[in-house]
1. Looking at B:A134, is it of a type in the set (G, A, S) and either open to solvent by 20 Å² or more (accessible area, probe 1.4 Å) or facing another protein chain (nearest Cβ under 10 Å) (or both)?
2. Of the residues B:L116, B:L147, B:L91, B:L68, only one is in a loop (DSSP other than H, G, I, E, B) and of a type in the set (A, V, I, L, M); which?
3. Please indicate, with yes or no, whether at least one residue in the stretch B:216-227 is touching a helix residue (DSSP H, G or I) at 6+ places or on another chain (Cβ under 8 Å), in the same structural domain as B:R185 (by TED's automatic domain parsing) and within 13 Å of B:F272 (Cβ to Cβ).
4. Would you check if there is a residue in the stretch A:312-333 being touching a His at 6+ places or on another chain (Cβ under 7 Å) and open to solvent by 20 Å² or more (accessible area, probe 1.4 Å)?
5. Taking the criterion of being under 20 Å from B:E135 (Cβ atoms), open to solvent by 10 Å² or more (accessible area, probe 1.4 Å) and either part of a loop (DSSP other than H, G, I, E, B) or not assigned by TED's automatic domain parsing to the domain that holds B:G143 (or both), would at least one residue in the stretch B:39-56 satisfy it?
6. For the stretch A:164-187, give me the residue count where each residue is in a loop (DSSP other than H, G, I, E, B) and either without any contact (Cβ under 8 Å) to a residue 24 or more places away in the chain or within 11 Å of chain B (Cβ to nearest Cβ) (or both).
7. Residues that are open to solvent by 50 Å² or more (accessible area, probe 1.4 Å), in contact with an Asp or Glu (Cβ under 9 Å, 6 or more places away or on another chain) and within 12 Å of chain A (Cβ to nearest Cβ): does the stretch B:271-289 have at least one?
8. Taking the residues in the stretch B:228-255 that are within 24 Å of A:L178 (Cβ to Cβ) and in a loop (DSSP other than H, G, I, E, B) as candidates, determine which candidate is farthest from the other protein chains (Cβ to nearest Cβ).
Number of protein chains: 2
Amino acid sequence: MPQTPVTTPVLDLTADAVTLTRQLCDIESVSLGERDIADAVEEALWALPHLKVVRRGHTVVARTDLGLGDRVVIAGHLDTVPVNDNMPSRLDEATGLLHGLGTCDMKGGDAVILRLAATVTAPVRDVTYVLYEAEEIDAEFNGLHKLSQSDPELMTGDFAILMEPSDAVVEAGCQGTLRVEVRTRGERAHSARSWKGVNAIHGAADVLARLAGYEARRPVIDGLEYHEGLNAVFIRGGVAGNVLPDECVVEVNFRFAPDRSEAEAEAFVRDFFDGYDVTLTDTAPGALPGLDQPAAKAFLEAVGGVANPKFGWTDVARFSALGVPAVNYGPGDPLLAHKQEEHVPVEQVLRCERQLAAWLRGEQGGEQGGEQDA
Amino acid sequence: MPQTPVTTPVLDLTADAVTLTRQLCDIESVSLGERDIADAVEEALWALPHLKVVRRGHTVVARTDLGLGDRVVIAGHLDTVPVNDNMPSRLDEATGLLHGLGTCDMKGGDAVILRLAATVTAPVRDVTYVLYEAEEIDAEFNGLHKLSQSDPELMTGDFAILMEPSDAVVEAGCQGTLRVEVRTRGERAHSARSWKGVNAIHGAADVLARLAGYEARRPVIDGLEYHEGLNAVFIRGGVAGNVLPDECVVEVNFRFAPDRSEAEAEAFVRDFFDGYDVTLTDTAPGALPGLDQPAAKAFLEAVGGVANPKFGWTDVARFSALGVPAVNYGPGDPLLAHKQEEHVPVEQVLRCERQLAAWLRGEQGGEQGGEQDA
């Protein structure tokens, strides 16, 4: 057991999931400042004799090793976006809402993970719990990304659940994302003698016209309807107030359904902007919903049978890249993530814990999910 | 006579115009640093008993007061753009080019002015010489602008010549300029769920299409063909790489022929972008060529009979605003202004001096101009 400083905050895994959510929220853990919370999580997990604990940086992994046929991975990130006058947490008994930084994104989910780790001592499938650092910042710092590079075996299994806020309804797969710069060129000239130059901003008219005329594809995959999107997210051009610009750059973000690979998505965009200079700047693959996998089917049934497509990109794609089907499923409204006023309904935290515990224990009978957002 | 420090550089008005150009070039006088050169100019002009000298800031005005029927104003600015490893001046005897900062823009013209002031002691028309500060920077510092506010009578006359580089060919009038911001608006949304928002950059497609389809008007005024221009000089939009932008701004510069007023030019632009949010940010009027005026006709005849339209905006418009017809006429290629490698053909400096002196003395017989650039 590693040495831990006496100042490590203590997490009480015997408390209910809402109390534990509050304990987690009240340990400040803005990205790159996860030492304290990771220490507390590690210490709490070491106290559980049925789990093997490994730490990498400020990412903590705890596993059962019962030799069961199946293994499920349940993961959540420990970091938050910056504090915004929303610490510590505050429980509103009247509305049943727990307010404060991290309540929604995603310490409610982390609390569920820790409660499962503490209470489900004899699961019917082996479980790997992953509590990781730095999800809210650049991928190079992301604990799950780093783990996939250093110790991919700690992430492998038959199925993975990422406890990102999804209103406690399964969100399956995720769309991929890529960015390109579409560049038009011209020739500088003084704007008083504009016929001596070529205006690169005017040359972007057709680029924007193509974007304005784009019609989104909406493929149905495993019964879920995805919805692609092709959007200019930045445009820039200009040299001086009296000069015809010789360059205009349109930065375009393509969100693509998970039936396209990154290469296919790139080919689509290059074809769409045929005739223009297109530079790929950023790309991340989608993740197929994988709801045809037995482990996924069983889980979906256990939590109410309803799944929605996930439009945004999430870390589920990191599991997909390792061949592990993965879904998002966690308490909290995803639209509240990163907002000053984020909160989580305590009912969702408790329901997620109940449903996952029942599924891990192999108990029969699904429970219906709550309201859905789509 | 004001006290001048003993370190004032001395200008020798008995030297030839090329030598005098070099003396002026070798006094550093970047905008807002014209004290030394203005002191030297003032001291040299005070030594001439046929002139009355007035100083305002670092602008020096010297006038004959012979009670003649006509008065002509001959003006040049004393400042330069910043030093760019191009001081002191360097004369290339083989090519007849004088190189260095200010040679073209516009100390060659200033030298001609000082030579005329020194040598034309009995002109047939009264003359006002104006050597002014801060032409290369914001209008609020411009010596001619300040003089037009404080002492407009020092700028009035029947005709004005601004000795900006024009390849020693008369450039008449100038086009006006105005800038507007054309703004499209949308509604932010996460780019993964783009159908929930409205993309303001896509909304600018039609703005750019209108600009790309613009056809320039080319009116003929006093025999000179002007050439308007409507150009995007900047475009900007974007919030984040994963957000649909809610605003896109296209900054447009309209260069308009001097037969339109500023109000008419603005109305044209507003009509051109009908349906969009248009904000006027900057405007300056054009100047009619005024070549139908007797004084202008006589001058044009004296210097060779050829005039070109001036497309760029220059300080001639400040004279026009006071009701004084004005032209650009000076040594040096205007396209070399502000360039590190600026230079002036010494032949043009000497020719300008010769032609202007002959005209001021009322000598008969025009001299043909050199090659023309249009």
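The values are calculated or read from the model by the stated rules, or taken from the named source; none is laboratory data. In this text, all values refer to a predicted model and were calculated from it rather than measured experimentally. Please note: Cβ atoms are built from the backbone with ideal geometry, for glycine as well, and neighbour counts cover all protein chains shown. Just so you know, the surface numbers come from the protein's heavy atoms only, side chains and all, with ligands and any DNA or RNA stripped out. Shrake-Rupley method; radii C 1.70, N 1.55, O 1.52, S 1.80 Å.
1. In short, no.
2. B:L68
3. Taking every residue of the stretch B:216-227 in turn, at least one turns out to be touching a helix residue (DSSP H, G or I) at 6+ places or on another chain (Cβ under 8 Å), in the same structural domain as B:R185 (by TED's automatic domain parsing) and within 13 Å of B:F272 (Cβ to Cβ).
4. The answer is yes; a qualifying residue exists.
5. Checked against the condition, which is being under 20 Å from B:E135 (Cβ atoms), open to solvent by 10 Å² or more (accessible area, probe 1.4 Å) and either part of a loop (DSSP other than H, G, I, E, B) or not assigned by TED's automatic domain parsing to the domain that holds B:G143 (or both), the stretch B:39-56 yields no hits at all.
6. Counting residues in the stretch A:164-187 that are in a loop (DSSP other than H, G, I, E, B) and either without any contact (Cβ under 8 Å) to a residue 24 or more places away in the chain or within 11 Å of chain B (Cβ to nearest Cβ) (or both) gives 2.
7. yes
8. Checking each candidate, the answer is B:D246.
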